[in-house]
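Enquirer: Mind having a look at this structure? Questions to follow.
The values are calculated or read from the model by the stated rules, or taken from the named source; none is laboratory data. Since we're looking at a predicted model, the values are computed, not measured. Counting neighbours? That spans all protein chains shown, and the Cβs are built from the backbone with ideal geometry, glycine included. The area values use the complete protein model at the heavy-atom level, side chains included, leaving out ligands, DNA and RNA. Shrake-Rupley method; radii C 1.70, N 1.55, O 1.52, S 1.80 Å.
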Amino acid sequence: MQLKLLTKFTVVTSAAVLAAMIIFALINIRSLKNIFLEEAVKDVDNLSETLIRTTHYQMLENDRERVRQMIQEVGTQKGIEHIRLINKDGVIIFSTDHVEIGEVINKNAEACNMCHGKEVPLLQTSSMNRSRIFKDRTGKEVLGIARGIYTDPSCLVAECHFHGPDDKLLGVLDVIVSLEDMNSKMIGHRNGIIILTFALLLLLLTSLAALTQRVINRPVGKLLANTRRLATGNLESRIENPSGDELGELAQSFNVMAKNLRNAQKELREWGGALEARVEDRTREIRDMQKQLIQSEKMAALGEMSAGIAHEINNPLTGILMFGSIIAGDPRLDPGIKPDVDTILQETRRCGAIVQGLLEFSRNSVSHKREVSINHLLDKTLSLLEHQTLFFNIRILRLYHPALPDVMVDPNQIEQVLMNIILNAAQAMPEGGDLILKTDLREPGSLVHLEIRDTGCGIPAENLEKIFNPFFTTKGVRGTGLGLSVSYGIIDSHGGRINVDSEVGNGTTFIISLPLSPPARDARGDVGASGPAV
Ligand code: ADP
């Protein structure tokens, strides 16, 4: 199981603090015990001293009974177990515990060892050295202090004097007190220390845990949650109100990182979008170019065939027309069949016009290019057409680029194109409408862009693919279907492009773009150098 940061921290800190406080408590208890003991020793020693001093005169007078009474009296005090007098031979000469009177104490016993342990017994030593702790007959813990009774100078002159000048030590007063009182006080203090230690420990750990939770756990938790959110792709994830410490700095760095990541992602998306748009544009361009190529090839093949047919038909047609005219003018002609002959002549002329169109579509004529203004060519074409009845109900709008540069073209051929398209537009609006002519400069200043828009019937989608094919017409005998195919060939030979956009019921727009300077293949002025002119 993974331990949480707070748990780990709390467990380790608690263990360290607990160990430190236990050691501290033990040292405390130990030194307290020593203090208590020293105090007890001092008290008992003082008592011994007092006892020796107060019995001084009785001893000088050798009033043993009085001494015993006094000792007996003092021995009844609370806490005193018993008091005994031991002579220098180790015989207990008096004791408040009468049972032991007369017993001889072994000098080598632990209690006597502090003075008698040396080769020459010590006459003076510290009270602590003279003290001992042991268990009495009832098993109670007691403290004993032996105090020497020394020969006083007055002893040497006293009546009862029987000690020699070398008898420095007369005996020992041994006071034994109970340690129960001290021990119960000690236990009370020890318990107090333990309780205080644990209370302090609890307080310390609680504050430590609260502090860790607030200063470390909460900010780390926030950082962790936000990092997880970031990892799942949420780049809007931010850490609110970062603190002023190192973790706050970390949170701020996280916020900066998330912001940079989001910006980078946004940029990438934008690049992706732009790239997609560019690919789409290029694909469309390639598709248009492909269409145009197919159309050009189709035109080239059709042009070749049309040229052959036109040549073959032209001569017999000339013969028919010539002889037909002779017959029609002959006075011998039966007036009843004159209308039929006229019809033959009329249809022959129509065939002648078609052949003429075919020849135009397929000819390899030399074009005469010069710099002309497309705006001017549009005006010229309109001036030829706008007075015809077909244009009476049509509103013509000229949206010309005011500073359109001149283009290197064959003006006659371009006029022919404009004428075809404008006539078609007018024919598509028999009830009247708008004819909008717009010129512009495109692809930064290298192409002249021309739009001829009408609000006529429009071209159905299925016909849009066919309108540039020779002989495609929806006008029956009134049309030849050659106008747009010839126009396509002319624009193509100028290195330009012609497109159409139409919607049935809304109108049609022809879009022509011409380069300011024609490409090298057309610089020679040949129309349709790669094949028959269209
Ligand atoms: P024609 O005019 O002799 O029919 P074109 O090649 O000029 O031959 O035109 C081919 C066909 O394209 C037309 O018959 C007509 O159906 C269609 N067309 C051309 N221009 C337009 C236009 N502006 N509006 C509607 N249809 C048009």
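Enquirer: Leaving ligands, DNA and RNA out of it, work out the accessible area of Val67 with a 1.4 Å probe and give it in Å² to the nearest 10.
Expert: 10
Enquirer: Taking H placed 1.01 Å from N in the peptide plane, check which residues at least 5 places from Glu81 or on another chain put their amide H under 5 Å from its amide H.
Expert: Amide H neighbours of Glu81: Ile176, Val177, Ser178.
Enquirer: While we're here: Exactly which trypsin sites (Lys or Arg not before Pro) in region 285-353 are in a DSSP loop and have at most 16 other Cβ atoms within 10 Å?
Expert: Numbers: sites: Arg287, Lys291, Lys298, Arg332, Arg349, Arg350; in loops: Arg332.
For trypsin sites (Lys or Arg not before Pro) across region 285-353 that sit outside H, G, I, E and B with at most 16 neighbouring Cβ atoms in 10 Å, the list reads Arg332.
Enquirer: Rg(Cα) of region 1-82 divided by 2.2 N^0.38 Å?
Expert: Working: Rg = 26.9 Å, N = 82, 2.2 N^0.38 = 11.7 Å.
Ratio of Cα Rg to 2.2 N^0.38 Å: 2.29.
Enquirer: Separate question: With an 8 Å cut-off on Cα pairs and a minimum separation of 6 or more residues, tell me the relative contact order of region 294-367 in percent. Don't jump to the answer; show the numbers that get you there.
Expert: Working: 36 pairs, mean separation 37.8, N = 74.
Computed over region 294-367, the figure is 51 percent.
Enquirer: While we're here: Could you give each residue of region 11-24 its phi-based ³J(HN,Hα) in whole Hz, using Karplus coefficients 6.51, -1.76, 1.60 with θ = phi - 60°, and x for Gly or Pro?
Expert: My calculation for region 11-24 gives 4, 5, 5, 4, 4, 5, 5, 4, 4, 4, 6, 5, 4, 4 Hz in order.
Enquirer: Just the number please: accessible area per residue for the chain, 1.4 Å probe, all protein chains included, in Å².
Expert: On the way: 32380 Å² over 534 residues.
Result: 61 Å² of accessible area for each residue.
Enquirer: For a quick check: with amide H placed at 1.01 Å from N, whose amide H comes under 5 Å from Gly171's, ignoring anything fewer than 5 positions away on the same chain?
Expert: For Gly171, the qualifying residues are Ile149.
Enquirer: Can you sort Glu236, Glu415, Glu81 by solvent-accessible area, 1.4 Å probe, largest first? Write out the running numbers ahead of the final one.
Expert: Details: Glu236 110, Glu415 25, Glu81 60 Å².
Solvent-accessible surface, decreasing: Glu236, Glu81, Glu415.
Enquirer: Another question, then. Under the definition of Cα pairs under 8 Å and six or more residues apart, what whole-number percent is the relative contact order of the chain?
Expert: Working: 692 pairs, mean separation 53.5, N = 534.
With pairs under 8 Å counted, the relative contact order is 10 percent.
Enquirer: Another question, then. If I compute solvent accessible area with a 1.4 Å probe over the protein chains, what percent of it on region 396-454 is carbon and sulfur? The partial results should precede the final answer.
Expert: Values: 1310 of 2530 Å².
Carbon and sulfur together cover 52 percent of it.
Enquirer: Right, here's the next one. Once amide H atoms are placed 1.01 Å from N in the peptide plane, what residues at a sequence separation of 5 or more from Leu435, or on another chain, have their amide H within under 5 Å of its amide H?
Expert: Those qualifying (amide H under 5 Å, at least 5 residues apart or on another chain) are Arg395, Ile396, Leu397.
Enquirer: A follow-up question, please. Residue by residue, what Karplus-based ³J(HN,Hα) values in Hz, rounded to whole numbers, does region 84-99 have, using 6.51, -1.76 and 1.60 with θ = phi - 60° and x for Gly and Pro?
Expert: 9, 10, 10, 7, 5, 8, x, 8, 6, 8, 8, 8, 5, 9, 4, 4
Enquirer: What do you get for Rg/Rh of region 155-301 when both radii come from the Cα atoms and Rh is the Kirkwood radius?
Expert: Reported Rg/Rh, Kirkwood definition of Rh: 1.83.
Enquirer: Helix 64-75 against the longest principal axis of the chain: what's the angle in degrees, Cα atoms only, rounded to the nearest 10?
Expert: With both axes taken from Cα atoms, the answer is about 20 degrees.
Enquirer: Each residue of region 463-472 in turn: what ³J(HN,Hα) in whole Hz from Karplus with 6.51, -1.76, 1.60 and θ = phi - 60°, glycine and Pro shown as x?
Expert: Computed from phi, the couplings for region 463-472 are 8, 4, 6, 9, 4, 8, 6, x, 6, 7 Hz.
Enquirer: Per DSSP H run of at least 4 residues, take -39500 (n - 2.57); add these up for the chain, divide by its residues and hand me the 222 nm value, nearest 500 deg cm²/dmol.
Expert: Working: 14 runs with 279 residues, N = 534.
Using -39500 (n - 2.57) per qualifying helix, the result is -18000 deg cm²/dmol.
Enquirer: To continue, here is another question. Report the accessible area of Asp379, computed with a 1.4 Å probe over the heavy atoms of all protein chains in place, in Å² rounded to the nearest 10.
Expert: Probe radius 1.4 Å; accessible area of Asp379 about 60 Å².
Enquirer: Moving to a separate point now. So how do 243-250, 352-359, 427-434, 480-487 stack up, highest first, on mean other-Cβ count within 10 Å?
Expert: Working: 243-250: 13.0, 352-359: 17.6, 427-434: 15.0, 480-487: 22.4.
Descending packing order for the listed peptides: 480-487, 352-359, 427-434, 243-250.
Enquirer: Could you state the number of Å between the C-alpha centres of region 206-262 and region 387-422?
Expert: The two parts, judged by their Cα centres, are 70 Å apart.
Enquirer: For Ser126, tell me the accessible area in Å² from a 1.4 Å probe, rounded to the nearest 10.
Expert: Roughly 60 Å² of Ser126 is accessible to a 1.4 Å probe.
Enquirer: By the gyration tensor of its Cα atoms, with a ≥ b ≥ c the square roots of the eigenvalues, what is the shape of region 347-489: rounded for a/c under 1.5, prolate for a/b over b/c, or oblate?
Expert: It comes out oblate by the Cα gyration axes.
Enquirer: Hey, if you drop one equal point scatterer on each alpha-carbon of the chain and run the Debye formula without solvent, what base-10 log of I(q)/I(0) do you get at q = 0.05 Å⁻¹?
Expert: -0.54
Enquirer: From Cα pairs below 8 angstrom and at least 6 apart in sequence, can you work out the relative contact order of region 197-297, rounded to a whole percent?
Expert: On the way: 38 pairs, mean separation 17.8, N = 101.
After rounding, I find 18 percent.
Enquirer: I would also like to ask the following. When the solvent-accessible surface of protein heavy atoms is calculated with a 1.4 angstrom probe, in what order do Tyr488, Tyr57, Tyr150 fall, highest first?
Expert: On the way: Tyr488 10, Tyr57 150, Tyr150 80 Å².
Order by accessible area, largest first: Tyr57, Tyr150, Tyr488.
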